Amino acid sequence: MTGKPDETRPGKPDTTKTAKRERRKPTLEEIPFVREVPVVASATMVVLRYVGAWLRGGDEESGGFGVRLLALGAAGYIALYFAEKHPGLWYAYGGAGFLLVTTVAVRTGLSAGRTVKDLEAAQAPTVAEEEQPSTDIQNDHEMAGEEDLEAEPLTVSPAEADAAFGLFVEHNVAFAVRTDPKGDRKGVHTDTLLKILHAKEMLTDWTEPMLRQKCKSLGIPVRKQMGIRGRNYFGVHIEDFEQSLGRAVRVPPQLVPDLTANAPTPPPSEPPAPPSEITLIQPPAGAG
């Protein structure tokens with residue numbers, strides 16, 4: 001007999017269709033190292049933002065933007081000059097760049113699934129725009145006393161206004177450090193302090209460089225670069241501040257524990273409000 005053998009006869013399984021079903025094209029995420037491409041790109045973007053922030057920081061500091069840009073260009077030229085004479089340096093440059101990008105990806109959480117948008121959202125300070133109305137019951141004498149105080153204009157000396165400003169900075173530094181759930185925050189950015197003041201309609205005509213200059217004039221140390229939640233900016237570091245004060249920073253009243261038995265201790269959600277004396281503070285010399 002010359003007929004074709006029966007391929008579907010009993011006892012011989014048909015594996016042709018099964019093999020075809022098992023073969024499938026791998027997805028893009030299953031290809032090795034492809035999933036790491038967005039992480040590397042995001043980390044590189046963050047590194048470039050750090051460099052841009054360093055360059056912009058020269059606008060308000062001695063040296064200026066042009067000097068920092070010239071220094072960065074000179075460093076790049078020197079690196080290329082030596083790389084042409086010693087090609088093996090390209091491996092060192094590549095390894096250093098890879099180490100830098102990997103460090104940024106791990107420290108900012110990009111390697112754990114976070115995105116650049118998540119970092120930007122985490123950097124935005126949370127400042128309440130409106131105060132909650134008080135529900136305390138007041139008698140006629142207290143209400144009359146408050147009306148008399150509101151009618152009288154606030155008069156304080158420049159020294160008292162400066163002291164109120166220093167207390168405002170001190171309380172907010174302590175608040176930022178004490179309320180950080182991870183315990184990594186070591187101070188507060190100067191633009192965050194300005195946003196707190198503007199939210200209370202205080203010093204609305206001030207800019208961040210003016211506030212920073214006022215801090216320096218009062219002996220409050222300001223760092224040029226202080227990292228908070230993946231963002232580097234001018235800020236007041238608690239260690240520098242305490243060293244300048246010669247003591248520990250004072251804790252705001254809202255962080256003082258209530259020793260009453262069974263007293264509820266909800267975590268404070270709003271930063272300390274600035275004292276009213278700040279409205280009469282004198283701007284820093286040379287401002288305006």
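Throughout, read-outs are computed from the coordinates displayed, never taken from laboratory work. Only a predicted model underlies this, so the values are computations on that prediction, with no experimental measurement involved. Because the Cβ atoms are built from the backbone with ideal geometry, glycine has one as well, and the counts that use them run over all protein chains shown.
Based on the mean of other beta carbon atoms within 10 Å per residue, what is the order of 223-231, 189-197, 155-163, most packed first?
The densest-packed peptide leads the list: 189-197, 223-231, 155-163.
So between Gln243 and Lys224, what do we pick up on full extension, going 0.36 nm a residue minus the alpha carbon distance?
5.1 nm
Please list, by residue number, everything in the range 218-246 whose backbone N is under 19 Å from a paramagnetic label point 7 Å out along Cα→Cβ of Leu255.
Under cut-off, by backbone N: 220-223, 226-229, 235-246.
Quickly work out the Glu160-to-Tyr93 label distance, labels modelled 7 Å from Cα along the C-beta direction, and quote it in nm with one decimal.
About 6.3 nm separates the two model spin labels.
Ranked from highest to lowest mean number of other Cβ atoms within 10 Å per residue, what is the order of the peptides 73-81, 237-245?
237-245, 73-81
Starting from 0.36 nm per residue, how many nanometres of slack lie between Asp205 and Ala75 once their C-alpha separation is accounted for?
Once the chain is fully extended between Asp205 and Ala75, it gains 42.8 nm.
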